[in-house]
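Before we start, here is the structure in question, set down as structure tokens.
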Amino acid sequence: MYEPKGLDSASAQVPPQARRVIAWLKDRDTVEQVLQSSLGDPPSERDVTLARMGDVLQATAQGLSRQAAAVWAGVPEHVLYGWTEHDPAFAAALDAAAALASAHGIRPGRQSTSTMLRLLLLAMSRGTTKLDAITLAGFRHNRFRALLKASPALEDLLEAARRVRPPRPRGSYVPGGYRPRRPGRKPPPRGGFRLVQRDAAEELQDGHDPGGARSGRRRAGSPGA
């Protein structure tokens, strides 16, 4: 997907503050591991799950959608839906978090919040395109363009997130119009035709014998012809 950039990524100088913000977002898991290891034991699967559930509830209480909350918590979306189906306590807490956001009028799209921006930057740093991250965070595109135009600091954060996202895997999809033609193969002619095989029923409807002239000669030489 084409992604416009306000700054040239090769020459733009990203301020240290913007780099520190993105590093803080990406190093959250490392911080949690250090905190847990300082207590003597590595975190169990249950501890990790409960921490991720808490992150989902935090994001939901601040108005993010379930898809965005999954990105915020760093869990696959299907895992989040599995939790809601098999853990009634978590499902009830998630509904309560959504009700809390709604009661206080926190709805992405109506206003721009730091939570939405944090989610946008986190998604971009993990490889999501800028346009998809804007939609995921709940920003209205025209409002976000106005924010970007008025805030150089916002562009600095976006550029810092672009720089740390993982490279695209080799062999990723390329539109057909941009693919080089294989040597020795000519492109098909425009407005050409293709060969099709007609069945016997179609030929009989058009007055043709499926056997052609050869079958006609056999009939001519057969008795009673």
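Counting only Cα, what are the radius of gyration and maximum Cα-Cα distance Dmax of the stretch 28-72, in Å?
Considering the stretch 28-72 through its Cα atoms, Rg and Dmax are 12.1, 36 Å.
What FRET efficiency comes out for ALA146 versus ALA96 if R0 is 25 angstrom and r is the Cβ-Cβ distance? Round to the nearest 0.05.
Values: r = 34 Å, r/R0 = 1.37.
Efficiency, from the Cβ-Cβ distance: 0.15.
Rounded to the nearest 10 Å², what accessible area does VAL71 have for a 1.4 Å probe in the complete protein model?
The accessible area of VAL71 comes to roughly 40 Å².
Report the label-to-label distance for GLN17 and THR84 in nanometres (one decimal), using points 7 Å from each Cα along the Cα→Cβ vector.
3.8 nm
Here's a follow-up. Can you give the percent of C-alpha pairs in the stretch 94-149 whose distance is more than 15 Å?
Details: 777 of 1540 pairs.
When every Cα pair of the stretch 94-149 is considered, 50 percent fall beyond 15 Å.
State, in angstrom, two size descriptors of the stretch 1-140 derived from its alpha carbons: Rg to one decimal place and Dmax to the nearest whole number.
Over the stretch 1-140's Cα set, Rg and Dmax evaluate to 16.7, 52 Å.
Using the alpha carbon gyration tensor of the stretch 60-116, what are the three equivalent-ellipsoid semi-axes (square root of 5 times each eigenvalue), largest first, in whole Å? Could you put the intermediate results ahead of the total?
Details: eigenvalues 87, 40, 9 Å².
Computed over the stretch 60-116, the values are 21, 14, 7 Å.
Could you sort LEU119, LEU57 by accessible area so the largest value comes first, with the probe set to 1.4 Å? Please list the in-between numbers first.
Values: LEU119 0, LEU57 50 Å².
Descending order: LEU57, LEU119.
The values are calculated or read from the model by the stated rules, or taken from the named source; none is laboratory data. Remember, predicted model here, so these are calculated numbers, not experimental data. In this analysis, Cβ positions are derived from the backbone assuming ideal geometry, glycine residues included, and neighbour counts consider all displayed protein chains. These accessible areas exclude ligands, DNA and RNA; they are computed on the full protein's heavy atoms, side chains included. Shrake-Rupley method; radii C 1.70, N 1.55, O 1.52, S 1.80 Å.
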